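Please treat every number below as a calculation from the coordinates, not as lab data. Because the structure is predicted, anything quoted here is derived from the model rather than measured. Positions of Cβ are backbone-derived with ideal geometry, glycine not excepted, and every protein chain shown enters the neighbour counts.
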């Protein structure tokens, strides 16, 4: 009980009262009778004394981590090469992962700042296709992108910032009894690695559009970003995987379809309508073949009865 009373969380007025009474330690205060203490001090101090004597439970507010993570490492002597940056970066990422565990969340993006003693600072962002809370993966991605960054001659301060988080239960992949979760995780890691090494502008992925016309039904988008798509009406007839860049006009010779050679209709039609809110387009799609058995995907426009080859089967 030799703890100095100045460390007790009380008002300045009560600290002055301790000095006037000659009370210097916690033991001096607890040696007085409760009746004497209650006459001289308020109920808050009496409650604190009861907690110190284990007569009342002590309840403190739960610790809540901040909404964002911001930490730094300083080196007054300066860091002169990229390899030397990896150890302090590893330290900061480990602190970030401790923060993520405390908040029970994963991060979607981290941001590095490299501050020199003299000159302009440099920064880089690590954008993730999925959520992460693994410091070794984040360090690997940071190292890959660091190779493409031109740093100042000497870095004195390294700053790590993160504020894009997602709750841990939503961050994991949807559990599927027959799904390959390991393959999905490896796919995200591959996208992140290519992004860090080449830049996100070098990557793209096919996505579905809200359009029935085959040439407008899909497009390329940046991988990893959520995209709103609608399920298009599937064609019941066979269709080729690859389409021509532009539909090629088909000639009509003596009532015979001709594109490089005579074509014969095998099946069809199947009608598709698109852009009804602007200028409606109606097409009737057919499967055709030539005299050697090669298959072609044709359509006829309802408006002008013109024929086009749209795709080739392998």
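Tabulated results
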| quantity | calculated |
| --- | --- |
| Cut-off 19 Å, label 7 Å out along Cα→Cβ of residue 13, residues of the stretch 37-61 by amide N | 37-49 |
| The stretch 8-71: mean projected area of Cα convex hull, nm² | 6.7 |
| Potential extension, residue 28-residue 281 segment - 0.36 nm per residue separation minus Cα distance | 81.7 nm |
| Potential lengthening between residue 50 and residue 6 on full extension [0.36 nm per residue; Cα-Cα distance subtracted] | 14.0 nm |
| The stretch 69-171 - percent relative contact order, Cα under 8 Å, separation 6 or more | 45 |
| Full-extension gain in nm, residue 68 to residue 306, via 0.36 nm per residue minus C-alpha separation | 79.6 nm |
| Semi-axis lengths, Å, the stretch 49-100, gyration tensor of Cα atoms, sqrt of 5 times eigenvalues | 41, 14, 9 |
| Taking N as its residue count, the alpha carbon Rg of the stretch 243-312 over 2.2 N^0.38 Å | 1.11 |
| Residue 60-residue 291 pseudo-label distance in nm [points 7 Å out on the Cα-to-Cβ vector] | 9.3 |
| Protection-proxy order for peptides 84-90, 48-54, each taking the mean of Cβ atoms within 10 Å per residue, highest first | 84-90, 48-54 |
| Value of relative contact order over the stretch 1-88, rounded to a whole percent, pairs C-alpha under 8 Å and six or more apart | 19 |
| Virtual spin-label span in nm between residue 20 and residue 84, 7 Å along Cα→Cβ | 6.1 |
| The stretch 1-153: translational diffusion in µm²/s, Stokes-Einstein, Kirkwood Rh over Cα pairs, 20 °C, 1.002 mPa s | 105 |
| Rg to Rh, two decimals, where the stretch 69-171 supplies the alpha carbon set and Rh follows Kirkwood | 0.98 |
